[in-house]
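Reading through the structure tokens given below for one structure.
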């Protein structure tokens, strides 16, 4: 045998590791080149898709509001005075109105929740609840809490 033919034989032959190292180095260079190409292709893909995303952001899309909390949960702010079922009666701030039979319109209910009725003991909830939550609460009072006829 003139020279070793495998890595096992190279272990025992001092001249083989140099040749083996050159072959290994060339193979690593080829793999590194392939790796660089893959990285470049990945970056190019990211840039292309980010441009599509930028176009999508410029489009007019409808705003969808998903309620995160319902009227019953918001009504928990009211139960101390108006009771759990909305019947009202004697309470902390005076005599609370029976919300099941209120003659107020929905917009008037929104106004009372927002601004309160300080003379009657009803506090304003303008700073505590945002407009969407006040609307949800007013809808709950007028539709779900109302006594069925």
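Bear in mind that the values in this text are calculations on the coordinates, not laboratory data. Everything quoted here is computed from the prediction, not taken from an experiment. All Cβ positions, glycine included, derive from the backbone under ideal geometry; neighbour counts span all protein chains shown.
Figure the gain on full extension for residue 131 and residue 103 (residue separation times 0.36 nm, minus the Cα-Cα span) and round it to one decimal in nm. Could the numbers behind the result be given before it?
On the way: separation 28, 0.36 × 28 = 10.08 nm, distance 2.18 nm.
Net length gain for the segment: 7.9 nm.
If the chain between residue 76 and residue 120 were fully stretched, how many nm would it gain, using 0.36 nm times the residue separation less the Cα-Cα distance?
Taking residue 76 through residue 120 to full extension adds about 13.9 nm, to one decimal.
Quick one: if the Förster radius is 41 Å, what FRET efficiency do residue 85 and residue 61 give, using the C-beta to C-beta distance and rounding to 0.05? Write down the numbers at each step before the final one.
Working: r = 41 Å, r/R0 = 1.00.
Efficiency computed from Cβ-Cβ geometry: 0.50.
For the peptides 78-87, 134-143, 114-123, 36-45, what is the packing order when you average, over each peptide's residues, the other Cβ atoms within 10 Å and list the highest mean first?
My ranking of the peptides, most packed first, is 134-143, 78-87, 114-123, 36-45.
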